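The values are calculated or read from the model by the stated rules, or taken from the named source; none is laboratory data. Everything quoted here is computed from the prediction, not taken from an experiment. Note that each Cβ is placed from the backbone with ideal geometry, even for glycine, and that neighbours are counted across all protein chains shown. Accessible surface areas use protein heavy atoms only, side chains included; no ligands, DNA or RNA. Shrake-Rupley method; radii C 1.70, N 1.55, O 1.52, S 1.80 Å.
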Amino acid sequence: MSDPQIGRRALLRGAGGLAALAALPSLAACGTGTSRASAGGDKGGGKTVIIRDSGGSYGAALQKAIYTPFTKETGIAVKVLNLDDAPLLAQIKQGRPQCDLINNSMMTHLKYVKQDALEALDKDRLKSLKSAKIPDGQITDHAIGHSFYGQCIAYRTDAFGGRKPESWADFWDTKAFEGGRSMVSPDGDLPELEFALLADGVPMDKLYPLDVDRAFKVLTRLRSGIKKFWDSGPLPGVLLSRQEVTMSTVWDGRLADLQKQGVPVERQLNGMRRQFVGYAIAKDAANVDGAYRLMDFALRPESQAALAKAFPSNPSSPLAYAKLSEGERNALAGAPAYYDKGFDADIDWWLKNETAVTKRWLEWARG
């Protein structure tokens, strides 16, 4: 069995992790902030709005589907900032954030709120909230959820003699569904306690508060079958394509490219864990007006649909799915036909328990 990939990031993922990182002088010093005058930004608006997002293929899709059309419609340029949480928080604490709008997980936004790092939202400035019918659960005082990613089962279709795993109980059943498994490490995402409980018969609507002791007992039953703990989105697909494992947990949008390449892999969405991503405005942002305008544009159903066409992003707006073709819609885990198969991660529970669970997970994984 390969050693789990356990790093410094896992130790800092907990509710206090952002504060711990921001307190590190070496990190805080790397983002002291500089003048925004060249961007034309001020509280009333400007010719450039700066957004923090993660870049990569997702960033390219955002540029194509959201930023370029926004600039064409408004004349406001969009500058992308790829910045980790620690230096960004350091900038905000100094009152000089280098970005206006932040695109991040809703859970991370809540961590920012606890450090007074986000502006309270004036929802009257976001006309798309009503027109896009954003779910109430994804509208908070400081952030708005625009999409989600789902964590689910990925499996090789040639591994089980034509049989298909239908549940997390099947994921745990290495006799009926032979082969190695892969699961996430805290360097990649939240520990997958919910899946262990579902495998042990806990109903999806009775998961929270999580029975941590029971979950780790169930995880231990599978421990010898776990060949690798993944810490990045592409790794489950690599392990499956190399046939190092026959099943893995995976972010739902990561299989499309493999399937196009002819790798015999499929997803199982029963018991999928949803985590939402959203927009928030940095406290003391230089261009608050621009941030509101870009957020409002990005939340439109047609904007969310355009992003879904460019990247396997699951819109929060139910109206966005109607703007997709049947094939495009059914490729998404958020499609109406699949939505009830999954559940929303309880981020309030995870905020309170992430540090303790991560510490216990690290001890468990190391044996």
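With every protein chain kept in the model, how would you rank K114, K130 by accessible area, 1.4 Å probe, largest at the top? Walk me through the numbers on the way to the answer.
On the way: K114 150, K130 175 Å².
From most accessible down to least: K130, K114.
Of the heavy-atom accessible surface of the chain (probe 1.4 angstrom), what whole percent is carbon and sulfur?
Working: 7830 of 15760 Å².
It is 50 percent, rounded to a whole number.
How much area per residue is accessible in the chain when the probe is 1.4 Å and only protein heavy atoms are counted (Å²)? Could the numbers behind the result be given before it?
Numbers: 15760 Å² over 367 residues.
Dividing the accessible area of the chain by its residue count gives 43 Å².
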If the chain between D257 and E328 were fully extended at 0.36 nm per residue, the gain over the current Cα-Cα distance would be 24.1 nm
Hey, which of these cross-link pairs are over 19 Å Cα-Cα: K64/K111; K72/K130; K47/K79; K114/K283?
K64/K111; K72/K130
Read through the labelled values (1) 17.8; (2) 19.0; (3) 20.7 and report the label of the one computed as mean projected area of the Cα convex hull in nm² from the structure.
(1)
In terms of Cα to Cα distance under 18 Å, which aspartates and glutamates are near enough to K227, apart from those fewer than 8 places away along the same chain?
D3, D170, D173, E178, D187, D189, E192, E244, E363
Under 19 Å from K323, Cα to Cα: aspartates and glutamates that are on another chain or at least 8 residues apart:
D296, E302
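Quickly rank 145-154, 59-68, 169-178 as a protection proxy: mean count of other C-beta atoms within 10 Å, highest first. Mind showing how you got there, number by number?
Details: 145-154: 24.7, 59-68: 18.2, 169-178: 16.4.
Going from most to least packed, we get 145-154, 59-68, 169-178.
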Under a 1.4 angstrom probe, counting protein chains only, how are E363, E354, E326 ranked by accessible area, largest first?
E326, E363, E354
